[in-house]
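The values are calculated or read from the model by the stated rules, or taken from the named source; none is laboratory data. None of the values given here were measured: they were computed from a predicted structure. Counting neighbours? That spans all protein chains shown, and the Cβs are built from the backbone with ideal geometry, glycine included.
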Amino acid sequence: MLPADCSRRLVAELQGALDACAERQLQLEQSLRVSRRLLRTWEPAGTLAPEARLEPETKEEDHSPACTPGPQDLKELELLTQALKKAVLARKVTSKAGERAKAPSLKSGSFATSPGMTASTPSWAPGQAGSCASEAKPTRGIRQTTVPAKGHPERRLPSAGNRARVGVGARATRPGPGLRDQHVALSAAPEAPESFTLKEKGSLLQLPTAFRKAASQNSRLWAQLTSAQPRDSTNATAAAKTYFLQQMQTASGRPGPVLSAAEVEAEVGRLQEACSLLRLHMKEELSAAPTDWTQEYRCLLTLEGLQAIAGQCLHRLQELHAEQPVAPCPVGRPSRAPPPCGGGAGPFWSPQLLLYSSTQELQTLAALRLRVAMLDQQVHLEKVLLEQEVGRLLLNGRTAG
Amino acid sequence: MGRRRRLVDPAAEAGAGALPKVIAALSRSLPAGPSPEIFRRAKFDRPEAAPALWQLLFRLLSPRSADGASASLALEAQVCLVKSALRSQGYPRLVLAQLPEDGSRGSRELLLALSWLLARGPLPEQLLAQAHVQLGDEIPVCECEALASPGPRVPHVEAEGPVDIRCVQWLMGRLRFRWRCLIASQQEQCTLLSKIHLYTRGCHSDQRLGHLSVAETEMLRDPEGGQQLLRRLERENTGLEAALEWRRGELVFWRWMDTVLGACPPEAPAAATQPTFLPRIAERGLGRLELAARELRALQEELCEATGRRRAAWEARVGGQGRGPQWSSARQALQKAVEQELAALRWAWEQDRGPARPHGPHRLVRCEDEAPGGQHLRAAEVIQALRSQEACLEAALRRLQGQCRQELARLAGALPGLIWILPPRC
């Protein structure tokens, strides 16, 4: 059995560790979902049933509620189908002008102007379902001829009925995202299935202009902000701030700047860090084999210097101990040791890059990171146990003495 | 009362319009920033300005991860948390602690507290960095973020009396299992990321990056989500511009704050009530200090022994040789070199920084060429650093486990034959 309050704290810490792990797992799973979805076939943005690659399958999607056409649409569908039949007959004439001439006649308020939509229109009108099969083959051919016509950058497609088989086309309709070269992409489409996969066409993507502008502005502003920081330390603003803080301190009537609990903890943490760094250096020096007298002397000097520093750190700890016999902590959760890396005064956010060259390398990196985190957690748990015990021993010793 | 319409501030040399502009910029750069009118009313300690300032302070001081839950906290709870957070940061004025819990009064004091926080650190920038929109696939190369996150919130199970060791062992088993799952999921994520980076090669307008990140690709896949991302980015840009404007003009604000402080009645140096401490925490505070002291003492002893030996060996060796002029100049050079090294070492921990350890989140970029890209971090370097960290931690863990065993033996009292065996840790 562990001593009572010692174990309570340990259990609390373990629960906390479990919660933290669970949180990380949740975040990871979210990222995994997103990534998996990206690597699959991309669905059109209308969030309908997954794209059907094969014609016959479109019949099943007839009754999807999102694309129930109204009577107006049905009429227009009728018109469109008529026009398509004519287009099939005129298929041999593949002039762009011919296609464009047809396009305006098909224009209507709520309807697709793009002949490219013909691929899916047969499936919309339930009444037309029968003609689906007959339209299927011709529409394939039409797609070939209408590909050049799709060079128009802005197409208004009804949001309810966006069943673009050529997933690429769907994106052309929304403001912003577009393909670098629609012709290139689309001419490749007729042969391959109409769906979009990252593997095949990922290198054709292009970020929207608005986004690119915002992103570059963002990095520019951050750069400006981080460069504005060091200037602060030399000018009147810094002096004004220091003066204000001093006035706050004196106005409070309390004697001198008292080290807050957080600051004491931070300092203790720093001294612990110092200890491990010193130890590391000591090991390095002791393990190095000096080849000549200069190296030997240097080693000696270093060791003596380390010893002096250790003494100073110890002295500082004793000072802290004397100042703060009991360190009042804020009510609430116990805080962790301050992180070894740079704190808040460093660059707030700078776009630093990490280059990796293979999947293997990335996996090693990630696995090591988690291992280090896990070890760190274990070390923390051991320290918790130890601190409780040592503290109790000391208190018992004091009260008894 | 008629002066309410105008700002009367002799310190605003740059013109009466400068101060409200600067305050407005400050407000825009902070999350949930109140209007400049609130600030002005706070100078005159108007009660109606108090709740907005309490809420602002709460927003600034609460841990960022608690955002969703904390927004719904009642004002009283927010007041409580703000008070305790300020106390733990060392806020010097006692008036704050004495303000009523319902958040109805004290706007001037709150204004002073806000300024105190602003003076001590670059608060708007830190908050903006925390809420920064991630465009790339970022991976932190150190564990700062994880460490900074809050520890156990509320003990789920307040065990009455001693806890069975088996319960602890079970919890630890669960923890180990969760870590294993985490590592497995992480490996899969790495594979997927790598593929996405590979497939989108050549798309990015920024040549350094070369390929898209998950966020960017997702934006192309889902234009609605992309619009949201764009809006968030634009909001962040607005905040950044406001922060820059604030930095340019903040001197006016500080001069004004001096007048605000001057308008306060002097604090009576009454006997401050000692903040109550829980014995458990005091124990821990003592424990930490003592532990650190013990470690340093042990280190000092080892160093003493090592230097003693080396010094003796050195004296024995050198004593026989003569001391010439080139010897003393060489010696001085060595001394200087060593001093510099040790100074750099001191600076390392005094500046809260490890020996050039990579820090912060980095954007992952897949780049196969072996070009010596100096300014960018390479995965191989990070892996090396992590391996050495791993070794250090393993050594530290073994040492601590040994110490733990010793302490438990001591606690167990005068039962010399009893050996405490801790549950195994992998």
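Miscellaneous remarks
- Any pair with Cβ under 8 angstrom, 6 or more apart, that starts in the range B:280-308 at a residue that is more than 7 Å from every other protein chain (Cβ to nearest Cβ) and ends at one that is modelled with pLDDT under 80 and part of a helix (DSSP H, G or I): none
- Selection of the range A:338-352 for residues being of a type in the set (A, V, I, L, M, F, W, C) and modelled with pLDDT of 65 or more yields an empty set.
Rundown of residues vs (1) surrounded by fewer than 17 Cβ atoms within 10 Å (Cβ to Cβ); (2) facing chain B (nearest Cβ under 7 Å); (3) at pLDDT 80 or above; (4) in contact with a helix residue (DSSP H, G or I) (Cβ under 8 Å, 6 or more places away or on another chain), yes/no style:
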{"site": "A:R336", "(1), (2), (3), (4)": "no, yes, no, yes"}
{"site": "A:L354", "(1), (2), (3), (4)": "no, yes, yes, yes"}
{"site": "A:Q360", "(1), (2), (3), (4)": "yes, no, yes, no"}
{"site": "A:L375", "(1), (2), (3), (4)": "no, yes, yes, yes"}
{"site": "A:Q388", "(1), (2), (3), (4)": "no, yes, no, yes"}
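- Filter result for the condition that a residue is surrounded by 13 or more Cβ atoms within 10 Å (Cβ to Cβ) and either within 9 Å of another protein chain (Cβ to nearest Cβ) or at pLDDT below 85 (or both), over B:E370, B:E407: B:E407
- Lone qualifier among A:E319, A:E304, A:E296, A:E273 - being assigned to a helix (DSSP H, G or I), more than 7 Å from every other protein chain (Cβ to nearest Cβ) and either of a type in the set (D, E, K, R) or under 27 Å from B:R317 (Cα atoms) (or both): A:E319
- When residues of the range A:18-35 are limited to those that are more than 7 Å from chain B (Cβ to nearest Cβ) and of a type outside the set (A, V, I, L, M, F, W, C), the one surrounded by the most Cβ atoms within 10 Å (Cβ to Cβ): A:D19
- Counted residues, the range B:294-311 - those being among the hydrophobic types (A, V, I, L, M, F, W, C) and under 17 Å from A:E382 (Cα atoms): 0
- Pair list, Cβ under 6 Å, 6 or more apart: the range A:204-217 residue facing another protein chain (nearest Cβ under 7 Å), other residue assigned to a helix (DSSP H, G or I) and of a type in the set (K, R): none
- Odd one out for B:G202 among (1) touching a Ser or Thr at 6+ places or on another chain (Cβ under 6 Å); (2) assigned to a helix (DSSP H, G or I): (2)
- Some residue of the range B:77-87 being of a type in the set (S, T, N, Q) and either under 29 Å from A:T237 (Cβ atoms) or more than 27 Å from the chain's Cα centre (by Cα) (or both): no
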